[in-house]
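In what follows, a structure is listed as structure tokens, so that the remarks can point back to it.
The values are calculated or read from the model by the stated rules, or taken from the named source; none is laboratory data. Please read all numbers here as calculations on a predicted model, not as lab measurements. Please note: Cβ atoms are built from the backbone with ideal geometry, for glycine as well, and neighbour counts cover all protein chains shown.
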Amino acid sequence: MSQITTEDITKLRKLTGAGLMDCKNALTESEGNIDKAIEIIRKKGQAVAMKRADRETTEGRVVALVSNDKHLGVMTALSCETDFVAKTEGFIQLADLIAKTALEQHPKDIDALKQIKVDGITILDRIMEKIAAIGERMDIAYYETIQAEHVFSYIHFGSKIGTMVGFNKMITDEQIGKDIAMQITAMNPIAIDKDDVSPEMIQKEIEIGKEQARSEGKPEAMLEKIATGKLNKFFNESTLLNQEFIKDSKMTVRQYLQSVDKEIKVVVFKRCSLVL
């Protein structure tokens, strides 16, 4: 059996982030073969992930990045079980690496993202190594991209909520883009404008409005009118352009954009939250 040296253990720890005893045990099992030891640690990560499959991963880190030309934005979220783990340097570095890889490679979905190799190691294997090192379930919980003439991103609440928003033109005053991204983060709109709300959701809101009015004892003949009024309130509260602007409640987001540049239009947005 090959003698396990301190240098071997140190090297394996640097490669995998696993604990001292995990590295020593893996090297012992692999008879000093570093590559086999790495595989052992990854398999341990898979075993931990399966064992803890029923654990909620409501903590983590949301990362949003924008390309140098401002036309592409990507947002990812690496989830874990505890806030303590989410704040560790190794977890933060892994979350940032995943987002950077997504921006550079723009894979079609999370599964494709996990299979991308960085320095010869897939993202999935890196996650498994981190699971083995920490003993806590983690996964890529979110991955989305947007494209527009000018994309902005915003991260809030200890990196647990993120927003990307795209505009129809380049914006010289970046505070405008930040303001809208902050609005989306804070108010969580379901769509840009009324016309972007699905017919299914509109019908659902109408039925909810009718049922609420009926439970309040309103006449059947008035239910449709009351529900329509409630629907308009829903649009004002839940669609971006019709919401009150968070920095000035006397105007809507639409009015704010019109006041700074009549040609500016929001064309797309994505919001990710790890907060329940």
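Points to keep in mind about this one:
- Inspection of the stretch 226-240 finds a residue satisfying the criterion of being in a strand (DSSP E or B) and within 30 Å of V151 (Cβ to Cβ).
- Enumeration of residues in the stretch 119-154 that are among the acidic types (D, E) and under 14 Å from the mean Cα position of the chain (by Cα): D139, E144
- Scope the stretch 55-107; condition in contact (Cβ under 8 Å) with a residue 40 or more places away in the chain, in contact with a helix residue (DSSP H, G or I) (Cβ under 7 Å, 6 or more places away or on another chain) and assigned to a loop (DSSP other than H, G, I, E, B); matching residues: S67
- Some residue of the stretch 197-215 being in contact with a strand residue (DSSP E or B) (Cβ under 9 Å, 6 or more places away or on another chain) and not aliphatic (A, V, I, L, M): yes
- Qualifying residue in the stretch 184-204 (condition: in contact with a helix residue (DSSP H, G or I) (Cβ under 6 Å, 6 or more places away or on another chain), surrounded by 17 or more Cβ atoms within 10 Å (Cβ to Cβ) and among the basic types (K, R)): no
- Subset of the stretch 181-203 [in a loop (DSSP other than H, G, I, E, B) and either more than 12 Å from S238 (Cα to Cα) or touching a Gly at 6+ places or on another chain (Cβ under 6 Å) (or both)]: S198
- Matching residues in the stretch 155-181 - criterion: being among the basic types (K, R) and over 19 Å from the mean Cα position of the chain (by Cα): K169
- The stretch 107-153 - residue that is of a type in the set (D, E, K, R) and in contact with a Ser or Thr (Cβ under 7 Å, 6 or more places away or on another chain) and, of those, modelled with the highest pLDDT: K114
- A count restricted to the stretch 71-85 and to residues that are closer than 29 Å to Q147 by Cβ and hydrophobic (A, V, I, L, M, F, W, C) stands at 5.
- Every residue from the stretch 117-133 that is over 15 Å from L12 (Cβ atoms), of a type in the set (D, E, K, R) and outside any strand (DSSP E or B): D119
- Scope the stretch 113-138; condition β-branched (V, I, T) and closer than 14 Å to C80 by Cα; matching residues: I127, I131, I134
- Filtered by the rule that a residue be exposed (fewer than 14 other Cβ atoms within 10 Å of the Cβ), modelled with pLDDT of 85 or more and over 30 Å from R271 (Cα atoms), the stretch 221-251 gives M222, K225.
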